[in-house]
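Please treat every number below as a calculation from the coordinates, not as lab data. Quick caveat, the model's predicted, so the values are computed rather than measured. All Cβ positions, even for glycine, are placed from backbone atoms using ideal geometry, and neighbour counts span all protein chains on display.
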Amino acid sequence: MSSPPPLDVPRDGPSPDVRPDKDPAQLTIEEFRRCFLHGSITPWDHNQYLRAAYITLLEPDNQERGLLDVATKFAGRVNSFNQRNSEVQREPESRTLTVFWLYHIRLAMKVTRAYQMNYDEYYNFKRLLHYIPEMVDEDLATAYYSPDILESEYSKKFWILPNLRQLIEPIEYPDLSFRERFIKKDPEDPERLLRFAFDVVRRYLRPGETRRRSWFINLAFAALQQQTIRLRSMRPQVSPYSETQSYFYLQLVHAALSQLLVTGDAQLIQDLSYPQFQDTFHILPSAWDTYYSAPLWDSLKSRASFVPPDLRPLPDTIQPPEVWTGSPDRNARARFHHLGLIPELPSLETLHFHQAILLETAKALPTTTTTTTTTTIPPSAVTTHAHLLKYIHTHLILPPLPADNNPPPTLLTHHRHLLTTHSLLPKKHITYYLSILRTLQPPYTPPPPVRYHNCPCHANVPIPWGFSPDAVDASRVHEQRQRQQRVFHGGGNFIYREHSKYYHSSVRPGQYLERGNHYLA
């Protein structure tokens, strides 16, 4: 296999090797790379997108990089391409779709390498489509994701795993069942309930958690039921919600993870990812047929409420010698992260589950009441994640109410109080959520326009037009604000700009300052 030539990243000015007037299919790989970096590929379609992603994966610096790191680099190049190319008007790259296509291209590369020992990957992009021809379909992602995920802000900013089909893990050796597994169409991800149960069990097994397990389970099942109903409205093939099935997988995961508590390292469960969990315990989605008969498993009775198994007791009654008691491979997390199998955000049902926990926790938070009857949280009480979010919502998002005619504290003051007060939360954690949630503040609504002037006759002091040492009455002031006409005072020109306190010092004598987005001479 020949090694790729070094990447010549373009700087200023066009490259002599760039040929934008040439058909993209006729460009050599180096010409295509330079045209892509210069934004001069016409037409730019899905096939050219795949080829650009393929070339990015082949770069020497990206060979050993994790998939998410490569996706960040490639998304930046695509966004730069869209800005350079005036014929392409698209939204910024979706994080989920970027990783999704890169994952399948890298998967095709590994499959091709496994089947062809003499495969020259650097010059055989078309050969990849022989093993995964479905990649040419621009709508392939709709077979893996429901519309609510693809259209959400979550998927645009974070990598989320598919919820309809499972990603096929890369192979290292020839596997005759690869194509069969790839084209198999399931109504939903067969490990969806297992993955959700894993998230729920990890949550209530957190060190220091004192709330009852049943409290978490009730919130979890409510979130799962709501998301299943929403998913079935878009994809009727999805199995209906079943409380028996949900509780069975939860018990299965609990029986496995609780064995790690025997080692005395409770934090090990929190550091465990779902791929590591499956790589350790090998729990199959079809494990139910060992405990339930098919008629009982799919019955209406089992959907409405929990029904005990009719073949074998639940797995929490397994004797200790039958239970695996070792420790998972800690290095496996880095391997799965490199492959892109560890998402940046969990599934929607897991997000709704955590949301329900946060809302219920916020109701029970200690609060104090000020003289303005506004429920507030002192900075010293911010000891948990729920405290922090409620504090930010109360003090930084809701409109402030001054007490005793004193101005409310500024955002910087709240930020300083949170960082200097003793808290169990890391400082980076506080700073991150302050920066994120401050963007959720309601948009600023400016007051009615006010015209300012500072002429020599007023000692160069900026005052609203109509208010002068002569004490003009309010009716004239109101008339001046409504008419918005040019007013000559002391000679000079007019200037219209967004008003703030910083503009007072910049207004020159003979000019007028008014809110707006225009400059008039």
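If you put +1 on each Lys and Arg Cβ and -1 on each Asp and Glu Cβ, how big is the dipole of region 192-350 around its Cα centre, in Debye rounded to 20? Numbers along the way, then the final one.
Values: 17 positive and 14 negative charges, 98 e Å.
In total the dipole reaches around 480 debye.
Rounded to the nearest 0.05, what FRET efficiency do residue 226 and residue 28 give with R0 = 45 Å and r taken as the Cβ-Cβ distance? Could you check? Intermediate results must be reported in sequence, preceding the final value.
Numbers: r = 53 Å, r/R0 = 1.18.
Once the sixth-power term is evaluated, E becomes 0.25.
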Where a Cα-Cα gap under 25 Å defines reach, which lysines qualify for residue 428, not counting those fewer than 8 residues away within the same chain? 73, 156, 157, 390
Towards the positive end of the charge dipole of region 228-299, with charges on Cβ (+1 Lys, Arg; -1 Asp, Glu), say which of 247, 237, 267 has the farthest Cα. 237
From the residues 58, 107, 178, which one has its Cα farthest along the dipole of region 24-183 in the positive direction, the dipole being from +1 and -1 charges on Cβ of Lys/Arg and Asp/Glu about the Cα centre? 58
For 234, 109, 135, order by how many other beta-carbon atoms lie within 10 Å, fewest first: 234, 135, 109
Quick one: putting +1 on the C-beta of Lys and Arg, -1 on the C-beta of Asp and Glu, what dipole do you get for region 24-183 around its Cα centre, in Debye to the nearest 20? 220 debye
Residues 178, 196, sorted so that the one with the fewest Cβ neighbours within 10 Å comes first: 178, 196
